[in-house]
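Remarks on the structure that follows.
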Amino acid sequence: GQNIDQPTEMTATEGAIVQINCTYQTSGFNGLFWYQQHAGEAPTFLSYNVLDGLEEKGRFSSFLSRSKGYSYLLLKELQMKDSASYLCAVRASYGGATNKLIFGTGTLLAVQP
Amino acid sequence: SAVISQKPSRDICQRGTSLTIQCQVDSQVTMMFWYRQQPGQSLTLIATANQGSEATYESGFVIDKFPISRPNLTFSTLTVSNMSPEDSSIYLCSVIANEQFFGPGTRLTVL
């Protein structure tokens, strides 16, 4: 089966750095995604890792270790607008279909002044 | 990139009725996905819809309850049949176009 775990909630301070972890167990792994979702809105794409290592994109970085089934999203210089849910998602091929994106439970991040 | 629209954006329905949700994409895509997001929870994949073939459903979802059509490469519908209050949720259409994009969602409330 497919299993993706994230912390349910996190709190951080404006201007600080926060790391959101994600562990996964899946068959047919084909990449890991991070999405941001504000309340009442659709998820928006943040990052994609298919090879081991760090991908950096402005204030956001994402890391992947396929051998450990582990990823993290790093947010630097936190801003109040970063308060949102952060969803870890694994792309996998199984059950007769390819490239299915399976989501973790999501981490609700609250940024405080 | 891909721009996705959904209709309706929201609806309130009576128990036992059915609702069909439409998803329109501004470019041709091979794979379309339907997700459900229940209040306060993450996204759950309902099914994968490929043009010209039957949809592939995830465990816990069946065609009789969630029939899907995919008549061409830019359009799909998801029907929520014989609704109950437990079906109250946001239903999102999604496509892969380099990245994976999501529609704005359809907020369904079943009374």
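Just one of the listed residues (B:ILE46, B:ILE63) is at pLDDT 95 or above and part of a loop (DSSP other than H, G, I, E, B), namely B:ILE63.
Could you list, in sequence order, the residues of region A:60-86 that are closer than 30 Å to B:THR56 by Cα and touching a Ser or Thr at 6+ places or on another chain (Cβ under 6 Å)?
Correct list: A:LEU64, A:GLY69, A:TYR70, A:TYR86.
When A:ILE17 is tested against the conditions (1) modelled with pLDDT under 95; (2) of a type in the set (A, V, I, L, M); (3) in contact with a Lys or Arg (Cβ under 8 Å, 6 or more places away or on another chain), the lone failure is (1).
Residues are listed down the side, and each one gets a yes or a no for (1) surrounded by fewer than 16 Cβ atoms within 10 Å (Cβ to Cβ); (2) out of contact with any strand residue (DSSP E or B) (no Cβ under 9 Å at 6 or more places or on another chain); (3) under 27 Å from A:ASN30 (Cβ atoms):
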| site | (1), (2), (3) |
| --- | --- |
| B:THR20 | yes, no, no |
| B:MET31 | no, no, yes |
| B:PRO39 | yes, no, no |
| B:ASN50 | no, no, yes |
| B:ALA55 | no, no, yes |
| B:GLY60 | yes, no, yes |
| B:PHE66 | no, no, yes |
| B:ASN82 | yes, yes, no |
| B:GLN100 | no, no, yes |
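In region A:35-57, how many are closer than 20 Å to B:GLY40 by Cβ, touching a residue at least 40 places away in the same chain (Cβ under 8 Å) and assigned to a strand (DSSP E or B)? Of the residues in that region, 3 qualify. Return a yes/no flag: does region B:74-89 have any residue that is touching a residue at least 60 places away in the same chain (Cβ under 8 Å), within 11 Å of another protein chain (Cβ to nearest Cβ) and not aliphatic (A, V, I, L, M). No: region B:74-89 contains no residue that is touching a residue at least 60 places away in the same chain (Cβ under 8 Å), within 11 Å of another protein chain (Cβ to nearest Cβ) and not aliphatic (A, V, I, L, M).
The values are calculated or read from the model by the stated rules, or taken from the named source; none is laboratory data. Remember, predicted model here, so these are calculated numbers, not experimental data. Backbone-built Cβ (ideal geometry, glycine too); neighbour counts: all protein chains shown.
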